[in-house]
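Notes follow once the structure below has been shown.
The values are calculated or read from the model by the stated rules, or taken from the named source; none is laboratory data. Just so it is clear, the structure is predicted and the values come from calculations on it, not from any experiment. Using ideal geometry, Cβ is built from the backbone for each residue, glycine included, and neighbour counts are taken over all protein chains shown. Surface accessibility is based on the protein's heavy atoms, side chains included, excluding ligands, DNA and RNA. Shrake-Rupley method; radii C 1.70, N 1.55, O 1.52, S 1.80 Å.
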Amino acid sequence: MTLITDYTKSDFIKSVKEINHLQSSYQLTPNNYIRVILNLGDTMEREMIGSIRSTTIAKGELTMMGCQSRAFTLSGESLHYIEVCINPVYSRLIFSHTPDFNRNESQTHLSENITNQGSLLTYLNATFKWKDYTPDHTLLHAIEMIKESKGEIKISSIYDTLQVSKSNLEQKFSYHLGLTAKEFCKIEKLKNFLENYKLHGKNLNLTQLTFKSGYYDQSHLIKDFRYFMDCKPREFFKGRELLNHL
């Protein structure tokens, strides 16, 4: 494995999508990226799985979210927004206002001059000086190892490879991302399962997809799915078409 030591502009912003859902509610899975959502449509509500609180996002509001530990639901009359995913190693750059990174960190503000994809990208690149920011290289390399393994790597092998103690690595994940290294791994494995479902769901059954995605058995998959999504896989997929931004 080749470890990255220098970052470029393409490593800051990983993806940009404009989403226009006719349905009034949609659940976004955790994806281990900083998520930026610009609401272009009617007012919508954001609610995290397992929480009794919801956050209102008005038209024209920009919401930035650190790595999320659970799925969350967007709901409204209809859903029209732009979603930008930013590399998680820049969490401290985006959320520099907080001395202690709070779990599931987020912030929302009105952005009258940001009305489309072009103006949103201009704002993100101009506001956050990614060129002057030096990510924590131990964390950076740990994230690369987890993503490359699709979440199947043992945390102990990360300690050994990077020659760092367990407590030191966990402190870095907590300080920068608000997640544990194990949670980060589990989310990557869940992402891999969802990608395999999109690619092979018509040809492979759930048991085959389970093993293909690195789970020991279906009970292992269901346990993780219940934690992150608050439902079983079959319940999540029932009557639902997976979209590209999952």
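The alpha carbon centroids of region 126-159 and region 72-121 are separated by 20 Å.
Place the peptides 206-213, 137-144, 64-71 in order of packing, highest mean first, counting for every residue the other Cβ atoms within 10 Å and averaging per peptide.
Working: 206-213: 16.4, 137-144: 19.5, 64-71: 22.1.
So the peptides 206-213, 137-144, 64-71, ranked by packing, come out 64-71, 137-144, 206-213.
With protein chains left intact and a 1.4 Å probe, residues in the chain average 50 Å² of accessible area per residue. Per-residue ellipticity at 222 nm, computed for the chain from helices alone with -39500 (n - 2.57) per DSSP H run of at least four residues, works out to -11000 deg cm²/dmol.
The residues neighbouring Ile222, those whose beta-carbon lies less than 15 Å from its own, together hold a net charge of +3 under the Lys/Arg +1, Asp/Glu -1 convention.
Here the spin labels are modelled as points 7 Å beyond Cα on the Cα-Cβ line, and at Ser75 and Glu235 they lie 1.5 nm apart. Is the C-alpha gyration tensor of region 27-95 telling us rounded, prolate or oblate? Criteria: a/c under 1.5 is rounded; beyond that, a/b larger than b/c is prolate, otherwise oblate. Judged from the Cα gyration tensor, region 27-95 comes out oblate (a/c at least 1.5, b/c at or above a/b). Shown for the chain: the carbon plus sulfur share of the solvent-accessible area, taken with all protein chains present and a 1.4 angstrom probe, equals 47%.
Each Cα pair under 8 Å and six or more residues apart adds its separation to the average, and for the chain the resulting relative contact order is 20 percent. Full extension of the segment from Gln171 to Tyr216, taken as 0.36 nm per residue of separation minus the current Cα-Cα distance, would add 13.4 nm. Simple point charges give the picture: +1 on the Cβ of Lys and Arg, -1 on the Cβ of Asp and Glu, and for region 152-246 a dipole about the Cα centre of about 240 debye. Both numbers refer to the Cα atoms of the chain; Rg and Dmax are 18.1, 51 Å. A convex hull fitted to the Cα coordinates of region 13-128 yields 98 cubic angstrom per residue. You can think of it this way: the chain between Asp132 and Thr161 has 7.7 nm of extra reach, that is 0.36 nm per residue less the Cα-Cα gap. What's the whole-number percent of alpha carbon pairs in region 118-225 lying beyond 22 angstrom? Everything past 22 Å amounts to 47 percent.
How would you order 27-39, 171-183 from highest to lowest mean count of nearby Cβ atoms within 10 Å? Intermediate values should be presented prior to the final figure.
Values: 27-39: 22.2, 171-183: 18.7.
Most protected by this proxy first, the peptides run 27-39, 171-183.
In sequence order, region 112-117 has phi-based couplings of 4, 8, 10, 10, 8, 4 Hz under the Karplus curve 6.51 cos²θ - 1.76 cosθ + 1.60, θ = phi - 60°, and Gly or Pro positions carry x.
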